[in-house]
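Encoded as structure tokens, the structure appears first; notes follow it.
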Ligand code: HEC
Ligand code: HEC
């Protein structure tokens, strides 16, 4: 990542000699790509990807922290499946354990509780197992991002109880890197720089 940024900076210096308007574009794009790296660090974090999974409908227990006390098991225990409903309506509903009420979530290994119905996002919003470039393109695709504009994505980050929990999961779990304002700032820089994705022409 550092090497890539170094290369980009080198490119900016070269272009700055060629013409300043073009150099400014390139600089905005480089800043936007760096901001995307920060966004990607969040959306690829287990506090987010344990829910943002695909058609398997199996929530995950990856990277919980607790000093590795959970061992190697990564799929949600107790044979929990979200199925097509994404809330486990077909078998054992998420709310059986993940009660929809705000909680300090201070008891290790207790099911997280927030003031929203605990559920998996729709399949098309899956991030688990995807590359940075794939997630980037997906977040810009109205068919796969809940039809959110980039600005609305920022609003979602600011208001979603899931996102708030991911940055402050309590109970000794590892939190997603950064904070909500930092993620919103990174989104703003990414938007100003033209929402580039790694590998864009
Ligand atoms: C408990 C499961 C759960 C967790 C954990 C979770 N989300 Fe989500 N997420 C959802 C659901 C459900 C939706 C669909 C929108 C809705 O119903 O609010 C969603 C939608 C989204 C969306 C908008 C749609 C898209 O994919 O473009 C974003 C952005 C998002 N989540 C970000 C995050 C981030 C960042 C984290 C981690 C800090 C996170 N989520 C953690 C359940 C979760
Ligand atoms: C029988 C109780 C039970 C049911 C039902 C249940 N869960 Fe859980 N869930 C737990 C427990 C307990 C934990 C905490 C595991 C730990 O921290 O050791 C947990 C943790 C999780 C996590 C990990 C959060 C993190 O820290 O990254 C996700 C994701 C999750 N559940 C999703 C779901 C979804 C989606 C459903 C419904 C389809 C569901 N769970 C149904 C008990 C349950």
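Considering every alpha-carbon pair of region 25-67, the percent of pairs per 10 Å bin, from zero through the bin containing the longest distance, is 26, 33, 24, 15, 2. For the residues 35, 171, 126, a GNM of the chain with alpha-carbon springs under 10 Å puts the largest fluctuation on 171. The ranking of 180, 99, 39 from fewest to most other beta carbons within 10 Å of each one's beta carbon is 99, 180, 39.
Report the calculated FRET efficiency for residue 174 and residue 116 (r = Cβ-Cβ distance, R0 = 25 Å), to the nearest 0.05.
Details: r = 21 Å, r/R0 = 0.85.
According to the calculation, E is roughly 0.70.
The relative contact order of the chain comes to 27 percent, based on Cα pairs under 8 Å that sit 6 or more residues apart. At full extension, residue 104 and residue 75 could sit 8.0 nm farther apart than now, given 0.36 nm per residue minus the alpha carbon distance. With R₀ fixed at 35 Å, the C-beta to C-beta distance from residue 62 to residue 185 puts the FRET efficiency at about 0.85.
In the chain, the calculated helix contribution to ellipticity at 222 nm averages -13000 deg cm²/dmol per residue, counting -39,500 (n - 2.57) for every DSSP H run with n ≥ 4. Each listed q (0.11, 0.12, 0.13, 0.15 Å⁻¹) maps to a log10 I(q)/I(0) for the chain, found by the Debye formula over equal Cα scatterers with no solvent: -0.57, -0.66, -0.76, -0.96. Measuring between their Cα centroids, region 92-108 and region 140-160 lie 25 Å from each other.
Only alpha carbons enter this Debye calculation for region 102-201, each as an equal point scatterer, and the log10 of I(q)/I(0) it gives at q = 0.10, 0.13 Å⁻¹ is -0.32, -0.54.
Read-outs: derived from the displayed coordinates by stated rules, not from any lab. This one's a predicted model, so the numbers in the text were calculated from it and none came from an experiment. For neighbour counting, all protein chains shown are included, and Cβ atoms are generated from backbone atoms with ideal geometry for every residue, glycine included.
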